[in-house]
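Following: one structure in structure tokens, then a few remarks.
The values are calculated or read from the model by the stated rules, or taken from the named source; none is laboratory data. Note that this is a predicted model, so its numbers are computed, not measured. Cβ: placed from backbone, ideal geometry, glycine included. Neighbour counts: every protein chain shown.
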Amino acid sequence: MPHHDVDSGWTTRGDLDARIEQYRRLILQSLGLTDEQARASTVVGRPTLLGVVRHTAFVEGVWFGEAVTGRPRSELGLPVSTANSWKTRKVDTIESVSADCRRIHQHSRDNLTGLGLDDVVTGRGRRTVMSLFTHVLSELAWNTGQLDILRAVHTS
């Protein structure tokens, strides 16, 4: 069954793409602080703004990169383990993490071009492209909420 409404020009894929882009913008905008603030651990569990943003890029790289292409994380410039995706490295700055996010965003767009929501990819087991979108959207939404909380700590 195709994912579209012929009368309106609306498509499920178009809506999903737009929502992913919206979260990408919100996530990068959350870094509108100093490098020191973005690296600061202000809540229990030690997540930092920079670490959460790094993790969102990792999530997208895994699901729109590794799962689509079958290429290993190391080849995609991603941490091998999820736990390391949250960690802020000494060399990380707002500028470097933002640039890495933009690189992964473009890589994701390129990988998804030409794929339909019902298409099956096999890089991380058999999954439909729709299942990749729903997974990434839920992760981005959750992480955007985390970023809102962390930013509130810095601005209060």
- prompt: Hey, does the range 115-131 have a residue that's closer than 26 Å to Ser30 by Cα, out of contact with any Phe, Trp or Tyr (no Cβ under 8 Å at 6 or more places or on another chain) and modelled with pLDDT of 95 or more?
  reply: no
- line: Scanning the range 29-38 residue by residue, those buried (at least 19 other Cβ atoms within 10 Å of the Cβ) and not small (Gly, Ala, Ser) turn out to be Leu31, Gln37
query: Of all residues in the range 48-72 being within 21 Å of Thr113 (Cβ to Cβ) and charged (D, E, K, R), which is nearest to the chain's Cα centre (by Cα)?
result: Glu60
- request: Determine if the range 3-15 includes at least one residue that is part of a helix (DSSP H, G or I), of a type in the set (D, E, K, R), modelled with pLDDT under 95 and exposed (fewer than 11 other Cβ atoms within 10 Å of the Cβ).
  value: no
